[in-house]
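The values are calculated or read from the model by the stated rules, or taken from the named source; none is laboratory data. Values in this document were obtained by computation on a predicted structure and should not be read as measured data. Cβ placement follows ideal geometry from the backbone for every residue including glycine, while neighbour counts extend to all protein chains displayed. SASA here: full protein model, heavy atoms, side chains in, ligands and nucleic acids out. Shrake-Rupley method; radii C 1.70, N 1.55, O 1.52, S 1.80 Å.
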Amino acid sequence: MLETRTKIAVDAMGGDNAPKEIVAGAIRAAAELEVDILLVGNPDAIQAEIEKHGNTLNNIEIVPADGVVSMEEEALVGVRRKPNASINVAMNLVKENRAQGVVSAGHSGAAMAAALLGLGRIKGIDRPAIGAVFPTMYANKSVILLDVGANVDCKPKYLEQFALMGSVYSKYVLDIEEPRVGLVNIGEESCKGNELAKETYKLLSNNPQISFAGNAEGRDILSGDFDVIVCDGFVGNVLLKFAEAVGGIMLQIVKEELPFGVRGKVGASILKPNLKRIKQRIDHAEHGGALLLGVNGVCIVSHGSSQSPSIFNAIRIAKEAVDHGIIEKIQNNQDFSKKELAVDS
């Protein structure tokens, strides 16, 4: 019988709340999703957390690892110095085809370094990018923004590649037939922005594989007018952190102001289901993490402060990427091997 269940390796020791919250999220995923979980890290610490939940699931396996790359360490040095660290062992599980994807809330730089060293880049991709999925003004419509932190400095051809990878993901995972691509800029006109923006605008406009819809100003990013938005990792990371902060503030304001007074308390009780849906749309924990696109394997980078709901959703995102064959579809995109479409600027 063919094995059909998706296997996801989870770095149980990565993150501020590891292994407690990581294990809790993994147990929920194992129970609710059609997925097998490989928890990677200190066996005793992981087992102790599993026992707290009285878990009897047979689709969770512990894979021993020794040590972790801490946030204080330089990513590449830490990954090379600690070959048996949890993030390295998790990546090797994918390399050895024992798992189809990796989830880590640990050192994001270490996750990227381990992915590059262990899995390698997809042919034709110069720089992998971290893509984060955001909600938009329209229900059930998302936008993927990349890069949100992997590459602080970029060349125009990198952003062109980000647009192609984002379009593939948007089409096959987010079900957008012809993804509209936007370029983060300070104005709509093609002449606006720095040299990176102006040169990238030309590449995106002339690439027949990209449905380029023009520049996207800050107010356009969550408008729903775009399906894929590209920028360098410096700008993208600022946008990511700002959006998370705004979402958190909005939720806090609603919690504080809606129940105010007798009428507010009654109204809050009636609107409880609506408030839950609002939280699902704007809370970054509901989106789990960001995808590292451009490496030969599914890799999800979660927030260092991730709690169990984020880990559950990160595993869900990893499973969706695997089930849709996103790596194979990016690999099969012929544009990446055509150097003339990505002139080194």
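The set of residues in the range 48-65 being over 27 Å from the mean Cα position of the chain (by Cα) and of a type in the set (S, T, N, Q) consists of Asn55, Thr56, Asn58.
Of the listed requirements (1) within 30 Å of Ala245 (Cβ to Cβ); (2) open to solvent by 10 Å² or more (accessible area, probe 1.4 Å); (3) in a loop (DSSP other than H, G, I, E, B); (4) touching a residue at least 12 places away in the same chain (Cβ under 8 Å), Asp66 misses just one: (1). Scanning the range 81-102 for residues that are open to solvent by less than 90 Å² (accessible area, probe 1.4 Å) and within 14 Å of Leu117 (Cβ to Cβ) yields Lys82, Pro83, Ala85, Ile87, Asn88, Val89, Ala90, Met91, Asn92, Val94, Val102.
Among the residues of the range 168-179 satisfying the criterion of being in contact with an Asp or Glu (Cβ under 8 Å, 6 or more places away or on another chain) and buried (at least 20 other Cβ atoms within 10 Å of the Cβ), which is modelled with the lowest pLDDT? Taking the candidates together, the pick is Val173.
Can you pull out the residues in the range 180-192 that are open to solvent by 30 Å² or more (accessible area, probe 1.4 Å) and either assigned to a loop (DSSP other than H, G, I, E, B) or at positive phi (or both)?
Going residue by residue through the range 180-192, those that are open to solvent by 30 Å² or more (accessible area, probe 1.4 Å) are 180, 184, 186, 188-192.
Within the range 180-192, Ile186, Glu188, Glu189, Ser190, Cys191, Lys192 meet the criteria.
When every residue of the range 140-154 is checked against the conditions, at least one turns out to be charged (D, E, K, R) and open to solvent by less than 10 Å² (accessible area, probe 1.4 Å). Counting only residues that are polar (S, T, N, Q) and open to solvent by less than 80 Å² (accessible area, probe 1.4 Å), which one in the range 1-36 is nearest to Glu96 (Cα to Cα)? The residue in question is Thr6. Answer yes or no: is there a residue in the range 143-154 that is in a helix (DSSP H, G or I) and touching a residue at least 12 places away in the same chain (Cβ under 8 Å). No, because not a single residue in the range 143-154 is in a helix (DSSP H, G or I) and touching a residue at least 12 places away in the same chain (Cβ under 8 Å).
Looking across the range 202-223 at every residue that is open to solvent by 50 Å² or more (accessible area, probe 1.4 Å) and either in contact (Cβ under 8 Å) with a residue 60 or more places away in the chain or not in a loop (DSSP other than H, G, I, E, B) (or both), the one that is farthest from Leu183 (Cα to Cα) is identified as Gln209.
Meeting the requirement of 1 or more residues that are at pLDDT 85 or above and under 24 Å from Tyr138 (Cα atoms), the helices (runs of 4 or more DSSP H) wholly within the range 226-345 are 233-257, 308-323.
Can you pull out every residue in the range 37-54 that is on the phi < 0 side of the Ramachandran plot and open to solvent by 30 Å² or more (accessible area, probe 1.4 Å)? Lay out the reasoning, then the answer.
Taking the range 37-54 and keeping what is on the phi < 0 side of the Ramachandran plot, we get 37-40, 42-53.
The answer is Asn42, Pro43, Asp44, Ala45, Gln47, Ala48, Glu51, Lys52, His53.
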